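Notes follow once the structure below has been shown.
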C-alpha cells in the first residue's frame, strides 16, 4: 500500500485525534480541541473536528451538537438549509430536523474523506485519500465509488492502457486504485467547471460534473491542499496552495498557472477572503499569509507560536480561525 502523504490538516488529525481519551461534553472544551474546518452559515458559524465534534454558533454562543460518530471530521458544508460533514472512516453525515444522521461509513476501507461538494440539489461528490471518489445522484441519500484515470499522469495512463489489454478487469481496477493520488479539495468555478487539487501536484478540471477529468500541469509536483475562487478587477481568479508555502494563481480558468511570491515555507492548508478584499492563506508554523493583490504575492503575519491554522471564516466582520488550538477570533 502506498504511503499516505496527506495535507497538514489531515496529518494534524492523525496526530491529535487520539489526544483526548475522555469524552468532551462541553462546547468550550470542543472548541478548544482540534478543529479542522469552519464555515459561515445562514445563521452563524459551523465547525467540525476531532472525535466527531460538531459545533454551531448562533448569537455569539457556541453549542456542541450530538454527533452520530466519533471519527475525526475534516470538512463541513451547507447545502440548502442543512449542513453536511465528512471525515475519517469514510464518514458522511447530515443535519436533519431530528438531529445529525449517519449516511455512510466505511471503517475497513481506512480512506478518510477530505471534501464534499453539492453540484446541484441532486448530484454531489465526496473525495479523499487514495483517490477515493464518491458520487451521489439522489441528493446524498446513497453514494457510489468511481475511479478516474484522468487524474493520473500521462505515463501512468499509458501503462494502464497496456495493462488493460493483458490483465483482467479486476486486476486493472485494483492497479488503478493503488496509483490514484490523494484528493484534497474540489469546487465549482465560475464557468461551471469543477476544479480539484490533491497529492503529487494534482490540478484537474472537469466540464461534465466530474465524470471525466483533465489533468493540468501547474509546474509543481508537491501536494496541494487548498483552492479558492476570487474576483480581481471583475474577473475570475483561481488560487491554489500546498506544501512548503507553494501557491499558484490562474486567470484563465485553471488552464495555466503562475507561481505566487509567498516568502514562506509554511504549508498552506486553506484560504479565506477577508473583509478588506484581502486573501488570507491559513498556514502552519504559527503563520498566516496575507495578499492584497489577489494572490500574486503574500506577506507573512504571525499567529501564536507554533499554531497551525487550517481553516477560517468571515462572519459579521470578524475572522474566526480554526486549527490545532481550536477556534478563536483573530485579534488583528
Sole miss for residue 196 among (1) touching a residue at least 24 places away in the same chain (Cβ under 8 Å); (2) in a loop (DSSP other than H, G, I, E, B); (3) surrounded by 20 or more Cβ atoms within 10 Å (Cβ to Cβ); (4) within 18 Å of the chain's Cα centre (by Cα) is condition (2)
Is it the case that some residue within segment 176-183 is buried (at least 22 other Cβ atoms within 10 Å of the Cβ), at pLDDT 95 or above and farther than 22 Å from residue 107 by Cα? no
Taking segment 309-332 and keeping residues closer than 24 Å to residue 227 by Cβ, in contact (Cβ under 8 Å) with a residue 60 or more places away in the chain and out of contact with any helix residue (DSSP H, G or I) (no Cβ under 6 Å at 6 or more places or on another chain) leaves 311, 312, 313, 314, 315, 320, 321, 322, 323, 327
Picking from 58, 63, 105, 78, which residue would you name as being in contact (Cβ under 8 Å) with a residue 24 or more places away in the chain and more than 30 Å from residue 199 (Cβ to Cβ)? 63
Which residue, of 189, 230, 216, is closer than 17 Å to residue 282 by Cα, over 14 Å from the mean Cα position of the chain (by Cα), surrounded by fewer than 21 Cβ atoms within 10 Å (Cβ to Cβ) and modelled with pLDDT of 95 or more? 230
Only residues that are under 20 Å from the mean Cα position of the chain (by Cα) and part of a helix (DSSP H, G or I): list them for segment 151-178, please. 151
If the Cβ limit is 8 Å and pairs must be 6+ apart or interchain, which residue in segment 141-167 that is modelled with pLDDT under 85 pairs with which residue that is part of a helix (DSSP H, G or I) and surrounded by 14 or more Cβ atoms within 10 Å (Cβ to Cβ)? 164/172
Would you confirm whether or not segment 291-302 contains a residue that is touching a helix residue (DSSP H, G or I) at 6+ places or on another chain (Cβ under 8 Å), part of a strand (DSSP E or B), at pLDDT 95 or above and crowded, with 21+ Cβ neighbours inside 10 Å? no
Filter segment 244-256 for residues that are crowded, with 21+ Cβ neighbours inside 10 Å and either touching a helix residue (DSSP H, G or I) at 6+ places or on another chain (Cβ under 8 Å) or not in a strand (DSSP E or B) (or both) and give the result. 245, 246, 254
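Each row is one residue, and each column tells you yes or no for (1) surrounded by 16 or more Cβ atoms within 10 Å (Cβ to Cβ); (2) assigned to a loop (DSSP other than H, G, I, E, B); (3) under 19 Å from the mean Cα position of the chain (by Cα).
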residue	(1), (2), (3)
265	no, yes, no
272	yes, no, yes
276	no, yes, no
282	yes, no, yes
285	yes, yes, no
304	no, yes, no
Within the set of pairs 6+ apart or on separate chains, which have a first residue in segment 280-302 that is at positive phi, a second that is part of a strand (DSSP E or B) and loosely packed, with under 15 Cβ neighbours inside 10 Å, and C-beta atoms under 9 Å apart? 286/302; 294/231
Do you know which of the residues in segment 112-135 that are in a loop (DSSP other than H, G, I, E, B) and surrounded by fewer than 20 Cβ atoms within 10 Å (Cβ to Cβ) is nearest to the chain's Cα centre (by Cα)? 119
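The values are calculated or read from the model by the stated rules, or taken from the named source; none is laboratory data. Just so we're clear, the structure is a prediction, and the values are computed from it rather than from any experiment. Note: ideal-geometry Cβ built from the backbone for every residue, glycine included; neighbour counts use all protein chains shown.
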